[in-house]
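Below you'll find the structure, written out as structure tokens, and then a few comments.
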Amino acid sequence: MSTFLIAAGSFVGFIVAYRTYGRWLARSIFNLDASAEVPSRQLQDDVDFVPSKRSLVFGHHFTSIAGTGPIVGPAIAVFWGWLPALLWVIFGSIFIGAVHDFGALVVSLRNRGQTVGEIAGRLISPRTKLLFLITLFFALTIVLAIFGLVIAAIFMKYPESVLGVWISLPLAVFVGIVSRKNPGALIWAAVGSLMVVYASIYVGAYHLPITLTVPNPIVVWTVILLTYCAIASVLPVWLLLQPRDFINSQQLFIALGLLVLGLTAASFTGTANLFESTPAVAAKMPAGAPPIWPFLFITIACGAISGFHCLVSSGTSSKQLANEDDAQMIGYGSMLLEGALAVVVILACCAGLGMGKFEKQVAEIGQVATAAAYQPVLDADLNPVRGRQAWRSHYSVDRSWESFRLGDKVGAFVEGGANFLSAIYIPRTLGVGIIAVLVACFAATTLDSATRLQRYVVQELAMTTGLKPLTNKYAATLVAVALGGLIAMIPNANGDIGKGGMLLWPLFGATNQLLAGLAFMVTAFYLWRRGKPVWFIVLPMILMMVMPAWAMSWQLFNAETGWIWSASNHMLLLSIGIVTLSLQFWMAIEAILLWPSVRGVLEEALPPLPPKKTTKLEPAFESSGGQR
């Protein structure tokens, strides 16, 4: 029952938070106005600025911010125990992450869909804009280098997922074209495509797992994925981005529903027990593991709060909302759903893992021959031992921290999730395929969204610094993909090519969360200049600037664990880490000096828009007027 009660209590808490705290933010702080003109209509070009139905924007926004973040972070963090991870996910999502995403979305909506970096130039100072854009550039480069490797690792570990992931792309284009011509056909086209995806998962799991027989498949997959991202990032959002994300969001709803049903069944039958499968707070840590303070707050990013989300909110989602009143659902609601996914991941990596190992080991020792014999085994108190052994097999305290592999942690969710699905009679082989495709599709969504966002950042940097050739979207995309690919190909200490993403992994968490603190700073200035309350923004802002800076400083200069980046093979980490900390410190000083003098003083207005050109095209996926 413990597994079910924790899941149910978390979900109820998220719903209550949306109806209370989220509504207060929407009505009393941001004053959402359904009649306000939004950027998708002001600057409609049917490529990036496309007024769209709320359900489509929700699908795009949620799948873009989620990616593998709410899976990888919690799957790693439970080595400290399930309780710290669960508390940070629940309270972080409600009071920090959802506020961060919501604020960035609203501020961008009211600044013609500009990114938070560009908006910082008017709210704080032009120098801050340049510093922020440089920070965004570093952060997105790390994302591109890492997520390509994550997907490649999933393809290698679970070849049954490859077919389902790639077949979803032409299906998304089909849905985009059909829906463009007939918006009412969106639902049936998406449902039909989703059925094909699940059929391909079955085929991949039982008949056609795809494995590359080349010397270094990681490199090949990374090149293929980045090539796809370069193409996807310049296509109109209605052609691939929106329909693909809509399909992926429906895929998640189905998988999440199945996982919840599975954990409920397993919880009521006693085969999954969180308290007995995993320590609430781990008593022993692997050698060299970072301390829970401050690293819990950067290990679990997506699922609690992630700086990357401000880029999605202000980079793509704000350009698609057809109604400002939709911002609460998109900005605040999506983050709460991501928190719910993170809760399920925690339960799968703990109670779910315990299920599979227990059943396997009991069968091995021959103590369960019939269903009737199952309960006496539980009564004999073997389940806690076996279940905890399952968790320890993935989170062994006897290994060094550096031996923890990212693929193992993603695998913990895939295996534990498949065990939950087996409780509702979905064959485990098929269950592994369903969860693996879900993880890979989400990672791919983040990867190509990050490529589009990096293109915007490169173009904004080029306009700011006068590098006119890079203001072209194709040139900017090429720079974004080429740099991410080059860093991904950096060899590790053993000379293995294609490990650059993992070399940068220690930087990802801290850099990502520093970005969240800076985005909070932009939203705080927006509200401060309008005489609005800022206490609910300032406290999370301080937390998300102090904790990541503390964590990065520990990584840079701590001598006790051997994570000394000043060693010759860590010069890349050392350089990027110091530059990132310096940029954050500089921007914080700029903000502190300006803060006292701008209370109630509005920033410089945006220049007037040129007269609208008449067009024969109707807005794609348009939502109706001021309806909620």
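Every number in this text was worked out from the coordinates using simple rules, so none of it is lab data. Note that the structure is a prediction, hence the values are computed from the model and not measured. Glycine also receives a Cβ, built like all others from the backbone with ideal geometry; neighbour counts cover every protein chain displayed.
Quick check on packing: order 258-269, 278-289 by the mean number of other C-beta atoms within 10 Å, highest mean leading.
Numbers: 258-269: 20.7, 278-289: 15.2.
Ranking the peptides 258-269, 278-289 by packing returns 258-269, 278-289.
Estimated purely from DSSP H runs of n ≥ 4, each contributing -39500 (n - 2.57), the mean residue ellipticity at 222 nm for the chain is -21500 deg cm²/dmol once divided by its residues.
Label separation (S393 vs T465): 5.1 nm, computed from points 7 Å beyond Cα along the C-beta direction. For the range 533-549, backbone phi angles converted through the Karplus equation (6.51, -1.76, 1.60; θ = phi - 60°) give residue-by-residue couplings of x, 10, 4, 6, 9, 5, 5, x, 4, 4, 4, 7, 9, 6, 4, x, 5 Hz, Gly and Pro being listed as x. Less than 19 Å from a label point 7 Å out along the Cα-to-Cβ axis of K181: which backbone N atoms in the range 187-214 qualify, by residue? Residues 187-194 qualify, since their backbone N sits under 19 Å from the label point.
At 0.36 nm per residue, and after removing the present C-alpha to C-alpha distance, how many nm does the segment from N472 to R23 gain when stretched out fully? The partial results should precede the final answer.
On the way: separation 449, 0.36 × 449 = 161.64 nm, distance 4.03 nm.
Gain on extension, N472 to R23, equals 157.6 nm.
The count of lysine pairs in the range 2-597 with alpha-carbon distances below 23 Å, taking only pairs 8 or more places apart or on different chains, stands at 17.
Note that the range 218-226 has calculated 3J(HN,Hα) couplings of 4, 5, 5, 4, 4, 5, 4, 5, 5 Hz, one per residue in order, obtained from phi through the Karplus relation 6.51 cos²θ - 1.76 cosθ + 1.60 (θ = phi - 60°); glycine and proline are x.
Provide the gained length on full extension for the span A482 to S575, in nm with one decimal, where the gain is 0.36 nm per separating residue minus the Cα-Cα distance. Spell out each step's value before the answer.
Values: separation 93, 0.36 × 93 = 33.48 nm, distance 2.01 nm.
Here the answer is 31.5 nm.
For A591, the shell of other residues with beta-carbons less than 15 Å away shows a net charge of +3, using +1 for Lys and Arg and -1 for Asp and Glu.
For the chain, the longest principal axis of the C-alpha atoms and the axis of helix 2-17 are separated by about 10°. With the alpha-carbon atoms of the range 111-230 aligned to their principal axes, the span from lowest to highest coordinate is 58, 47, 17 Å, starting with the largest. Treating r as the C-beta distance of Q42 and I424 and R0 as 41 Å, the FRET efficiency rounds to 0.30. The label point for Y206 and the one for F91, both projected 7 Å from the Cα toward the Cβ, are 4.8 nm apart. Helix 353-364 and the longest principal axis of the Cα set of the chain meet at an angle near 20°. Remark: the range 2-597 carries a charge dipole of roughly 860 debye about the Cα centre, counting +1 on each Lys and Arg Cβ and -1 on each Asp and Glu Cβ. Counting 0.36 nm for each residue step from L256 to F557 and taking away their Cα separation leaves a gain of 104.2 nm. Candidates [x] 99, 53, 44; [y] 78, 60, 52; [z] 78, 59, 47; which is the computed Cα extents along the principal axes in Å? Computed from the coordinates, Cα extents along the principal axes in Å corresponds to [y]. Once the Cα atoms are used to define both axes, helix 82-92 deviates from the longest principal axis of the chain by about 20 degrees.
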